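This report refers to the structure that appears directly beneath it.
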Amino acid sequence: MKITGITTLIVNAEMRNWIFVRVETDQQGLYGWGEATLEWKTRAVAGAVEDLKPLVMGCDPRDIELLVRTMRKHSFWRLGAIGMSAISGIEIALWDILGKWLGQPVWRLLGGKVRDRVMVYTHLGLGDMRAVYESMDVDTLVERATRVVASGYRALKAVFIPYTHYHATLPAVNHAGRMMEALRAAVGAEIEIMVDFHGRPASAGAALAYIDALAPGRPMFVEEVLPPGETRALEQVAARTHVPLAAGERLVERVEFEDLFRRRTIDIAQPDICHCGGLLETKKIAAMAETAGIGVAPHNPLGPIAGVAALHFAVCTPNHVIQEEMVGAVPWYDEVVRGPIRMVDGHWLVPELPGLGIEVDERACAAHPFAPEIIHATNARLADGTVVDW
């Protein structure tokens, strides 16, 4: 069996462009789909897929580890988020091919089932990105959170930590505390709440001020309380709080996770299957985390193929805790990709179809061509004009 073609299909989902990757083989009717979505880098990722394509053309698509190793090592330059996302899209498609060829779901090829259902969470607005980042007052937060719970979710994430810098002001900290108090009162004690800091605090002290304000609401975890790479500062935070810490969505190399795990700075790792090299590489990261007593909750605010890949990963990964999803990102989400995701009582069910179990409607995709994404980060300034982390 040989790879005969690799193409990308870009679908604009309003707040981001989904990058679907199709890998063709010389076996009639046998092809695979992956996803390589990377916000605000769409054309760069699509170009990276084209650059990587000659390295694997004519190769056997079933030799997945070999092909990923080839793309990484024969690229010479370190690939970064753009190149690793391109590899991820290709790699996921290779698993889809292998599963179809063997007549087995991908999760079975990655080690087999370790759970009967997968707990999931979504964001405010049920995936509407404006609601995710524009729910900064109590009434809006409560109304949108109540709607999420009414839709059947047993867990949700909110982003209401303000743009900060090195010092968290007392009014900002008090407001965050009131938001958490109102959110917990609205959804009750049975619903898990996560708060995404989005890397906005630039110091351990600023992060801890917010964490202390949120702690009475008992969040499941607080996410990216510092920008990626600030491992020493994160170590300080971990030593001074009992609130579980999560991080990792912006890390793309296994070695970057190794430092977090060795220092035991987090409780939950959040690798993104579509950014860190695909399913097998994410399994390796999860195994490292398990050795360190750390759970995984993969980052996944992306498209429908990414969601299905995350589902297969969750089914076969022992230290998987909860799965982020964005099924409601656009009203036509299920029209472009028909897949096996089914939610019952806040959990996804285990898929049984061969491969990923999806089919892409390319005609439906064509109705949503590439368009530049909205850049929220232009608002990330303090009152004095200082540019800060978005």
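Checking the structure you have, find out if any residue of the stretch 126-136 is crowded, with 18+ Cβ neighbours inside 10 Å, assigned by TED's automatic domain parsing to the domain that holds residue 194, in contact (Cβ under 8 Å) with a residue 12 or more places away in the chain and part of a strand (DSSP E or B).
Among the residues of the stretch 126-136, not one is crowded, with 18+ Cβ neighbours inside 10 Å, assigned by TED's automatic domain parsing to the domain that holds residue 194, in contact (Cβ under 8 Å) with a residue 12 or more places away in the chain and part of a strand (DSSP E or B), which makes the answer no.
Which condition number in (1) closer than 24 Å to residue 312 by Cα; (2) in contact with a strand residue (DSSP E or B) (Cβ under 9 Å, 6 or more places away or on another chain); (3) surrounded by fewer than 18 Cβ atoms within 10 Å (Cβ to Cβ) is the one that residue 166 fails?
All conditions are met except number (1).
Scan the stretch 328-355 residue by residue and report those that are surrounded by fewer than 19 Cβ atoms within 10 Å (Cβ to Cβ), part of a loop (DSSP other than H, G, I, E, B) and in contact with an Asp or Glu (Cβ under 8 Å, 6 or more places away or on another chain).
328, 340
Checking residue 199 against (1) surrounded by fewer than 21 Cβ atoms within 10 Å (Cβ to Cβ); (2) modelled with pLDDT of 95 or more; (3) at positive phi, which single condition isn't satisfied?
Condition not satisfied by residue 199: (1).
Condition (residue is outside any helix (DSSP H, G or I), among the small types (Gly, Ala, Ser) and within 21 Å of residue 356 (Cβ to Cβ)) applied to the stretch 17-30: is it met by at least one residue?
yes
Would you mind finding the one in 237, 252, 243 that is over 30 Å from residue 48 (Cβ atoms), modelled with pLDDT of 95 or more and part of a loop (DSSP other than H, G, I, E, B)?
Of 237, 252, 243, the one residue that is over 30 Å from residue 48 (Cβ atoms), modelled with pLDDT of 95 or more and part of a loop (DSSP other than H, G, I, E, B) is 243.
Report yes if some residue within the stretch 274-289 is assigned by TED's automatic domain parsing to the domain that holds residue 185, out of contact with any strand residue (DSSP E or B) (no Cβ under 6 Å at 6 or more places or on another chain) and under 22 Å from residue 390 (Cα atoms); otherwise report no.
So far as the stretch 274-289 goes, yes, one or more of its residues are assigned by TED's automatic domain parsing to the domain that holds residue 185, out of contact with any strand residue (DSSP E or B) (no Cβ under 6 Å at 6 or more places or on another chain) and under 22 Å from residue 390 (Cα atoms).
Only one of 291, 282 is surrounded by 24 or more Cβ atoms within 10 Å (Cβ to Cβ), of a type in the set (S, T, N, Q) and under 28 Å from residue 69 (Cβ atoms). Can you tell me which?
Exactly one of 291, 282 is surrounded by 24 or more Cβ atoms within 10 Å (Cβ to Cβ), of a type in the set (S, T, N, Q) and under 28 Å from residue 69 (Cβ atoms), namely 282.
The values are calculated or read from the model by the stated rules, or taken from the named source; none is laboratory data. Please read these numbers as outputs of a predicted model, since none were measured by experiment. Positions of Cβ are generated from backbone atoms using ideal geometry, with glycine treated the same way; all protein chains shown enter the neighbour counts.
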